[in-house]
Amino acid sequence: MSSVLVPIDQIVIGDRVRKDMGDLDEFAASIQRNGLLQPVLVTQELLLVVGHRRIEAHKRLGRSEIPAIVVNLEDLLSAQRDENAIRKDFTPTEAVALGRLIEEEHRAKIAAQKSEMGQRNVAYRTDRRSTRDVNQHVVSPLGKTVDVAARAVGMGPQKYEQAKVIVAAAEADPEKFGDLPVLMDETGNVSGTHRELEHRRNGTSARHAIHHKRHVPKANDIVRRAVSSLEGICAGLGEVRPQDVDAAEAPAWRSAIEGAANALRRFARGLK
């Protein structure tokens with residue numbers, strides 16, 4: 001997924017975003033050194049889905065724009081969507097955050113549909129063209145909300161539900177479960193992290209600890225994440241003029257950048 005630069009002051013911070021920002025000075029310093037490795041996630045209306053901490057770190061650096069991936073909820077909810085278009089490379093926590101918005105949109109659609117069907121049934125009764133019960137007509141063809149959200153973010157319903165439980169547990173008890181969403185994203189192992197959650201809740205030790213069962217991503221996943229990171233790095237470096245860089249640091253940075261560029265060129269030449 002490609003990212004675009006979005007003005008920070010136009011992004012809407014919703015109530016669902018966490019309030020504890022952690023050590024923003026260290027995070028901002030990391031962004032200054034390495035660029036933004038993961039763009040924020042926003043809707044087309046620029047409602048923030050994931051990335052509040054990244055935005056605050058950018059503000060500390062005095063930046064007015066931030067790399068963002070813009071998602072269209074209507075496209076994700078469309079019944080005519082292409083199968084390939086919905087297989088986004090969201091991390092599990094991003095998928096949950098986006099899924100929550102999709103669920104809200106889907107419930108609103110169902111409520112509107114039920115209201116419309118209910119009104120039709122009142123009209124049917126009034127003109128005596130139908131005596132069937134109103135509830136017979138209020139059957140939504142839109143699909144089960146959780147299934148729709150899971151499919152839209154590229155997850156199976158069970159995996160999506162497990163990821164939701166993990167995120168909710170971390171929000172409710174950060175001290176006990178706060179590390180699990182990070183672990184889930186790092187490993188890509190939702191079911192394993194969910195087992196770890198259950199073991200912690202039950203006070204038992206996991207037979208197959210998730211920490212020892214790291215997920216090895218496929219080649220395409222590795223490349224997609226690397227390209228996304230490179231886009232963020234390039235966006236960050238685009239805000240810096242080379243002549244403003246400390247002369248003492250410049251030779252080492254130039255050597256590191258040239259080495260990375262050569263490695264990338266070799267890899268790019270190998271792509272068919």
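The values are calculated or read from the model by the stated rules, or taken from the named source; none is laboratory data. All values derive from a computational prediction rather than experimental measurement. Positions of Cβ are backbone-derived with ideal geometry, glycine not excepted, and every protein chain shown enters the neighbour counts. Side chains are part of the model used for accessible areas, which takes the heavy atoms of the whole protein and leaves out ligands, DNA and RNA. Shrake-Rupley method; radii C 1.70, N 1.55, O 1.52, S 1.80 Å.
Some observations on this one:
- Residues in segment 140-151 that are among the basic types (Lys, Arg) and part of a helix (DSSP H, G or I): Arg151 only.
- Residue that is most open to solvent (accessible area, probe 1.4 Å) [pool: residues in segment 39-74 that are among the small types (Gly, Ala, Ser) and in contact (Cβ under 8 Å) with a residue 24 or more places away in the chain]: Ser64
- Filter result (in contact (Cβ under 8 Å) with a residue 12 or more places away in the chain and of a type in the set (A, V, I, L, M)) within segment 217-253: Leu230, Ile233, Ala235, Leu237
- Residues located in segment 168-185, provided they are of a type outside the set (A, V, I, L, M) and crowded, with 16+ Cβ neighbours inside 10 Å: Phe177, Pro181, Asp185
- If the condition is being in contact with a Leu (Cβ under 6 Å, 6 or more places away or on another chain), among the hydrophobic types (A, V, I, L, M, F, W, C) and within 26 Å of Leu101 (Cβ to Cβ), then segment 23-66 contributes Val42, Val49, Val50, Ala57.
Yes/no per residue for (1) modelled with pLDDT of 75 or more; (2) touching a His at 6+ places or on another chain (Cβ under 9 Å); (3) aliphatic (A, V, I, L, M):
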| site | (1), (2), (3) |
| --- | --- |
| Ser2 | no, no, no |
| Val12 | yes, no, yes |
| Leu36 | yes, yes, yes |
| Glu56 | yes, no, no |
| Arg60 | yes, no, no |
| Ile66 | yes, yes, yes |
| Ile69 | yes, no, yes |
| Asn72 | yes, no, no |
